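The values are calculated or read from the model by the stated rules, or taken from the named source; none is laboratory data. Just so we're clear, the structure is a prediction, and the values are computed from it rather than from any experiment. Here the Cβ is made from the backbone with ideal geometry for all residues, glycine too, and neighbour counts use every protein chain on show.
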Amino acid sequence: MRTRFAAVVAGALGVAVATAACGSTGGSSSGTSANTTASKVNFGAQNARLCGSAVNTTPHYTNTIGTISGGAKTLSGAGSTFAAPMYDQWASSYNKASGVAVAYASIGSGGGIAAFQANTVAFGDGDTGMTPAEISQAKGGAVLQIPLLLGAVVPTYNLPGIPAGLKFTGNVLGEIYAHKITNWDDPALKKLNPGVKLPNMPIAVVHRSDGSGTTNIWTNYLTQTSPTWVSTLGGPSKSEGLTVAWPTGIGGKGNEGVSAAIAETKGALGYVEADYAISEHLTYGQVQNKAGNWIEPCIATVVPAVDGVKFPPSLNTFLTNGSNPDVYPIVGTTYALVYEHQTSKATAAALVNFFAWVLTAGQDENAKLYYAPLGASLQKLAYAQLKKITVNGRPVA
């Protein structure tokens, strides 16, 4: 059974219908354990309160664009594995609603950006969007970057007998990935988890082997919180990105590959988008946020990541290490990458129709796979991007 990541419903952004999952292979904040050591590993009462609080998972946004006639009946995209489960869900539901087939290749943000730059897909997807340098190499010219969801990147581990809920700080995670903390019974980990009998076992670090937006989110967070990580990698210009020079570890392709490596390796620690940890029944930890609180990843703690964020015109920005005292600190969005100036009216109409649906009816499906819908202010900004799409200089919508 999947965990309680989505066990938050109805309320803060409007009225919604409750849909929650409970129980876990790793234990939830309300779970108990049969032995003393394991019973000390849980998410605690504060997280039970936060992750049981009311959050609107079905905002019912209105599609004011509607359906533009003449759209292509097929659409191709490629990119982020972070968002791939959601794209599969959206594509299935959208096909039932419209008859349009959307094919999405889960090849990683780096691969998706490359395919989009080469103009071999109708849209790309990257979890941290595109840099100005990457946009300058795009064959189709000006690029629109459209946020679609909110999701958590979670530290995920394989320690037999120890359930979900181990505590981590950004600095300790950085020291593990910098190969400075190498064993599970290291004093730094024991200090964070008093009373837990951590095994005398090497930490098998798992990371992405491909260009990855999930990696970019993870390393951006480590860069903000771990001086050891930054110095080991040679400074902040080298300590974050789609790829980095990993000091240690096992590489896995995509969130799928990292999840599999964690599941197969005792003593492993890796990072994946929450849906992968949940669907593969992996155990994951809580992370201390900027306010000093230990936070479980759940929809109620993901939504506040946008609080106080001033989005630039491109909408491309990081959402890590937020200031809200209840926020989970490793949160990202994912960006659909679309050329502003299209050459095919059929493709342009299909793109606008699909993403207008994703940003309205599609947002009501996000929590089914443990992603959060966009809040009203960010959804409005994202939706406005679609109205910039043109064919022969004329707006499509």
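Scanning segment 225-259 for residues that are under 27 Å from Ser323 (Cα atoms) and in contact with a Gly (Cβ under 7 Å, 6 or more places away or on another chain) returns Thr225, Ser226, Thr228, Trp229, Leu242, Thr243. Taken over segment 115-131, the criterion of being within 22 Å of the chain's Cα centre (by Cα) and either buried (at least 23 other Cβ atoms within 10 Å of the Cβ) or farther than 24 Å from Gln89 by Cβ (or both) is satisfied by Phe116, Phe123, Gly124, Asp125, Gly126, Asp127, Thr128, Gly129, Met130, Thr131. For segment 317-361, filtering for residues that are part of a helix (DSSP H, G or I), of a type outside the set (Phe, Trp, Tyr), touching a strand residue (DSSP E or B) at 6+ places or on another chain (Cβ under 8 Å) and closer than 20 Å to Ala97 by Cβ leaves 5. Restricting segment 272-293 to residues that are aliphatic (A, V, I, L, M) and assigned to a strand (DSSP E or B) leaves a set whose member that is nearest to the chain's Cα centre (by Cα) is Val272. State all residues of segment 175-194 that are within 20 Å of Val206 (Cα to Cα), assigned to a helix (DSSP H, G or I) and more than 26 Å from the chain's Cα centre (by Cα); if no residue qualifies, say none. Ala188, the sole residue that qualifies.
Against the numbered list (1) part of a loop (DSSP other than H, G, I, E, B); (2) modelled with pLDDT of 85 or more, Gly77 comes up short only at (1).
Would you check if there is a residue in segment 309-319 being out of contact with any helix residue (DSSP H, G or I) (no Cβ under 8 Å at 6 or more places or on another chain), of a type in the set (Ser, Thr, Tyr), surrounded by fewer than 24 Cβ atoms within 10 Å (Cβ to Cβ) and within 23 Å of Gly44 (Cβ to Cβ)? Among the residues of segment 309-319, not one is out of contact with any helix residue (DSSP H, G or I) (no Cβ under 8 Å at 6 or more places or on another chain), of a type in the set (Ser, Thr, Tyr), surrounded by fewer than 24 Cβ atoms within 10 Å (Cβ to Cβ) and within 23 Å of Gly44 (Cβ to Cβ), which makes the answer no. Annotation note: Cβ proximity below 6 Å between a residue of segment 105-124 that is at positive phi and a residue that is surrounded by fewer than 21 Cβ atoms within 10 Å (Cβ to Cβ) and in a loop (DSSP other than H, G, I, E, B) (sequence gap 6+ or interchain) occurs for Gly108/Asp210; Gly108/Gly211; Asn119/Lys139; Asn119/Gly140.
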